[in-house]
1. For segment 92-101, take each phi angle, set θ = phi - 60°, evaluate the Karplus expression 6.51 cos²θ - 1.76 cosθ + 1.60, and give the result in whole Hz per residue in order, putting x for glycine and proline.
2. Let me make sure I get this right: for the chain, a, b and c are the square roots of the gyration tensor eigenvalues over alpha carbons, sorted descending. Under 1.5 in a/c it's rounded, otherwise prolate if a/b > b/c, else oblate. Which is it?
3. Give a residue-ordered list of calculated ³J(HN,Hα) values for segment 37-43 (Karplus: 6.51 cos²θ - 1.76 cosθ + 1.60, θ = phi - 60°; whole Hz; x for Gly, Pro).
4. If you average the sequence gap of Cα pairs under 8 Å that are 6 or more apart and divide by the length of the chain, what percent do you get for the contact order?
5. Can you list residues from other chains, or at least 5 along the same chain, whose modelled amide H is less than 5 Å from the amide H of I25?
6. Hey, what do the phi angles of segment 45-52 turn into as Karplus ³J(HN,Hα) couplings, whole Hz, using 6.51/-1.76/1.60 and θ = phi - 60°, x for Gly and Pro?
7. Give the distance, in whole Å, between the Cα centre of segment 12-70 and the Cα centre of segment 86-107.
Amino acid sequence: MDSIFTKIINKEISSEIQYEDELCIAINDVNPKSKIHILVIPKKPIENINYASDSDKEILGHLMLVCQKLAKKLQIDEEGYQILTNVGEGGGQTVMHLHFHLLSGNTLTM
Ligand code: AMP
């Protein structure tokens, strides 16, 4: 299940990397919907949260903590931010590789 994010993870196409470790990569969204718009992407190609299993607990927790650390690094932790994941076409997902959007600057309302 390769997507454009596989190519980004493998450095086959360039991106603005905010953070990277053995489990994930965080990049600036190419089409930002807010002042800060970062995608936190696991290196394991899980299609979306529907396809995560108990064995992915460490990865999922790690992604949340990377969002938290990026928010601190970018000094948006006090003002507030959003973490969002789209699930499936009906949920607005366009890239079929799990990712969390970290958004700050103009809050999406529910
Ligand atoms: P989603 O619609 O939730 O699947 O989010 C996919 C996101 O990936 C969108 O916000 C796109 O702007 C973003 N995106 C697509 N291609 C790239 C790319 N090459 N580099 C960075 N972000 C991308």
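Only the coordinates and a few stated rules stand behind these numbers; no lab work does. These figures come from a predicted structure and were not determined experimentally.
1. For segment 92-101, the Karplus-derived couplings read x, 6, 10, 10, 8, 8, 2, 7, 10, 7 Hz, x marking Gly and Pro.
2. Judged from the Cα gyration tensor, the chain comes out rounded (a/c under 1.5).
3. 9, 10, 10, 9, 10, x, 6
4. It rounds to 31 percent for the chain.
5. The list, which skips near neighbours in sequence, is I41, K43.
6. With the stated coefficients, segment 45-52 comes to x, 7, 5, 6, 4, 4, 9, 7 Hz.
7. 11 Å
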